[in-house]
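The values are calculated or read from the model by the stated rules, or taken from the named source; none is laboratory data. Just so it is clear, the structure is predicted and the values come from calculations on it, not from any experiment. No Cβ is skipped: glycine too gets one built from the backbone with ideal geometry, and neighbour counts run over all protein chains shown. Ligands, DNA and RNA are excluded from the accessible area calculation, which covers all protein heavy atoms including side chains. Shrake-Rupley method; radii C 1.70, N 1.55, O 1.52, S 1.80 Å.
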Amino acid sequence: MDTNLKGTITELKCKTYFLELGYMVSTPDSPARYDFILDTGEKLLKIQVKTSKSEEDKFTFETCSSHITRNGASRRSYSEEIDYFCTWYENECYLIPVNECGSREKSLRLIPTKSGQTRNISFAKDYIAKEVLNK
């Protein structure tokens, strides 16, 4: 499947999720560094949606935008331009603060490591969108 189509599907799933929870969702009319604004009733959050890819015991998503230019590939991180990354994985929506992500990629583990290590590990269960919004 085309990557643009995959991205559109992920974005629609995330928007629908928030609408079903009763939040307002607004999409910019002109190009922006975020995909939509999530109105929680208390604040407006800039959300950038990324499609996840499955890996063993975890899933990952890119935390930068990539474009092909005549000089080669160009990558740009989001830093302070958004509040959260949002992704959809196995029928669940995840909301991850941008300040908890690196400049290239973020991994969310589905199960603990075999060694039991927890330091510098992000677990998917800690980023379930409705739980993040209730904090």
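Out of everything in the range 59-98 that is among the hydroxyl-bearing types (S, T, Y) and assigned to a loop (DSSP other than H, G, I, E, B), what residue ends up being modelled with the lowest pLDDT?
Residue satisfying both the conditions and the ranking: Y78.
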* Structure fact -> Within the range 99-124, of all residues that are at pLDDT 90 or above and of a type in the set (D, E, K, R), the one least open to solvent (accessible area, probe 1.4 Å) is K106
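Considering the range 90-127 alone, what residues qualify as being of a type in the set (D, E, K, R) and farther than 13 Å from T60 by Cα?
Initially, the range 90-127 is screened for residues of a type in the set (D, E, K, R), giving 90, 92, 100, 104-106, 109, 114, 119, 125-126.
E92, E100, K114, R119, K125, D126 - these are the residues of the range 90-127 that are of a type in the set (D, E, K, R) and farther than 13 Å from T60 by Cα.
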* Subset of the range 1-47 (residues that are open to solvent by 60 Å² or more (accessible area, probe 1.4 Å), among the basic types (K, R) and within 21 Å of E80 (Cα to Cα)) -> K43, K46
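Only one of these is under 20 Å from K15 (Cβ atoms) and among the acidic types (D, E): E55, E105, E80, E90. Name it. Before the answer, list the steps.
Values: E55 fails: under 20 Å from K15 (Cβ atoms); E105 fails: under 20 Å from K15 (Cβ atoms); E80 fails: under 20 Å from K15 (Cβ atoms).
After applying the criteria, what remains is E90.
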* What pairs can you find where one residue is in the range 80-95 and in contact (Cβ under 8 Å) with a residue 12 or more places away in the chain and over 16 Å from K53 (Cβ atoms), the other is assigned to a helix (DSSP H, G or I) and of a type in the set (F, W, Y), and their Cβ atoms are less than 8 Å apart, with a gap of 6+ or different chains? -> C93/Y17; C93/F18; L95/Y127
